[in-house]
Amino acid sequence: PHLAALVLARGGSKGIPLKNIKLLAGVPLIGWVLRAAIDAGVFHSIWVSTDHDEIEKVAKQFGAQVHRRSPEVSQDSSTSLEAITEFLNHHHEVDIVGNIQATSPCLHPSDLIKVADLIQKEGFDSVFSVVRRHQFRWSEVKKGENKMTEPQNLNPAKRYRRQDWPGELYENGSFYFAKRHLIEKGYLQGGKMAYYEMRAEHSVDIDIDIDWPIAPQRVLSFGYFGKEPLKEVKLLVCSIDGCLTNGRIYVTEDHKEMVSYDYRDIVGLDLLKKRGIQVRLIADRDCSKTLSAMQLGCVAKVNVTNKLQVLKDWQEDMGLSWKEVAYLGNEESDVECLKQAGMSGVPADACAPAQKAAGYICKSRGGCGAVREFAEHIFLLLEKVNSARKQ
């Protein structure tokens, strides 16, 4: 049977405009779940249902197909079931829908693989995700009511210790898998049902503004970053024009060139070097005088016509795997390097092809703190590497 992953990503949002493609830890929110779905390898097709051009563009960048939903199922009052039913009406080849929520950035392929087995091999009609909570519930007393609250799942005279109480299962909204015949009857949960319990640290739902400040750290700690394990970065190669500088060249009356840079970026380079990470600079044009004036103390290669070849030479000379190389670029000449490096980033104002190739999109523009921001991103991922080693 044809199993399709379907991510519903409406453009309108009462809480956060275009929330589904807002950057989270340098990746569009929807990108986290699409990466997990693709790498799971269990879906015959992967779709994003949307009514917005920008969401369609991001979805295709991450390898998904796009179903343009109708205005009738794109309203604030539209339900997920209505959008899924419309999708099925246009895709008769689909037998099972895995509705994955775009707001679950810590979803892992291993979860999706196990759920696919439950519905394809064990015969369940619907499977949905839950998380275990250890929370005591009390009855609500509305204002003006003359009554007391009552315990719902505990005896106050004999409160459980957390380790002695198994807790309760709650839907976490990460995904809902269901067979076509069930959905056509108006259900996402029904028939022979099963739940799939996700780990608490993977149960992250970005649904309101308050979640965003803490979400990046959570995703960097528990998110899925690809099939290959992360390795410690030992080399950062940074494009000079447009990354270390803002890309502008000022010419004086006596024909001297001047550029500007952000001191925060210089601090970022110093912090990387103090962590034992080599920093090397690269440029399309001859900016040797600029580098001399900046006195950065980094190996640099300027007037380069083939950046990828220079990157390969440095990588081989240092005896590094590509997973140990990070690259920060911003132009089309950087695209192949961004694709090759184990960790890649671009400033917020990088060209579209570079943004598409990068694994991290900075909030800062080139020459305005992007290098420092990317350095902080590297440090957070190194913490993830060290944590995995300890485990």
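Looking at the structure I just gave you, is V7 open to solvent by 10 Å² or more (accessible area, probe 1.4 Å), within 18 Å of D111 (Cβ to Cβ), of a type in the set (V, I, T) and outside any helix (DSSP H, G or I)? Answer is no for this residue. Within region 13-44, the set of residues being more than 14 Å from F62 (Cβ to Cβ) and basic (K, R) comprises K14, K19, K22. When S260, S288 are checked against the criterion of being assigned by the TED database to the domain that holds A341, over 22 Å from A375 (Cβ atoms) and among the small types (G, A, S), S288 stands alone in meeting it.
Considering only residues in region 18-44 that are open to solvent by less than 10 Å² (accessible area, probe 1.4 Å) and free of Cβ contacts under 8 Å to residues at least 60 places away in the same chain, the one that is farthest from L112 (Cα to Cα) turns out to be G31. When region 280-302 is filtered for residues that are open to solvent by 40 Å² or more (accessible area, probe 1.4 Å) and either assigned to a helix (DSSP H, G or I) or under 17 Å from D270 (Cβ atoms) (or both), the ones remaining, listed by number, are S288, K289, S292, A293, Q295, G297, V299, A300.
Counting residues in region 375-382 that are in contact (Cβ under 8 Å) with a residue 60 or more places away in the chain, under 22 Å from R248 (Cβ atoms) and of a type in the set (A, V, I, L, M) gives zero.
Checking the conditions here, which among V237, V233, V204 is more than 24 Å from V97 (Cβ to Cβ) and part of a loop (DSSP other than H, G, I, E, B)?
Details: V237 fails: part of a loop (DSSP other than H, G, I, E, B); V204 fails: more than 24 Å from V97 (Cβ to Cβ).
On inspection, the qualifying residue turns out to be V233.
Can you tell me which residue within region 243-264, out of those that are open to solvent by less than 40 Å² (accessible area, probe 1.4 Å) and at pLDDT 90 or above, is farthest from W32 (Cα to Cα)? Going through the qualifying residues, I end up with L244. When the residues of region 247-276 are filtered to those that are within 25 Å of C351 (Cα to Cα) and small (G, A, S), the one that is farthest from the chain's Cα centre (by Cα) is S260.
Residues of region 188-201 being open to solvent by less than 90 Å² (accessible area, probe 1.4 Å) and either more than 22 Å from F136 (Cβ to Cβ) or outside any helix (DSSP H, G or I) (or both), which ones?
In the first step, residues of region 188-201 are kept if they are open to solvent by less than 90 Å² (accessible area, probe 1.4 Å); the result is 188-191, 194, 196-198, 200-201.
Correct list: L188, Q189, G190, G191, A194, Y196, E197, M198.
Pairs are defined by a Cβ separation below 9 Å, a sequence spacing of at least 6 or placement on different chains, a first member in region 114-133 that is over 17 Å from Y187 (Cβ atoms), and a second member that is part of a strand (DSSP E or B) and open to solvent by 80 Å² or more (accessible area, probe 1.4 Å); the pairs so defined are V130/E171; V130/Y195; V131/E171.
The values are calculated or read from the model by the stated rules, or taken from the named source; none is laboratory data. Model, not experiment: these values are computed from the prediction. We place every Cβ from the backbone using ideal geometry, glycine too, and count neighbours over all the protein chains shown. What goes into the accessible areas is simple: the full protein's heavy atoms, side chains included, and nothing from ligands, DNA or RNA. Shrake-Rupley method; radii C 1.70, N 1.55, O 1.52, S 1.80 Å.
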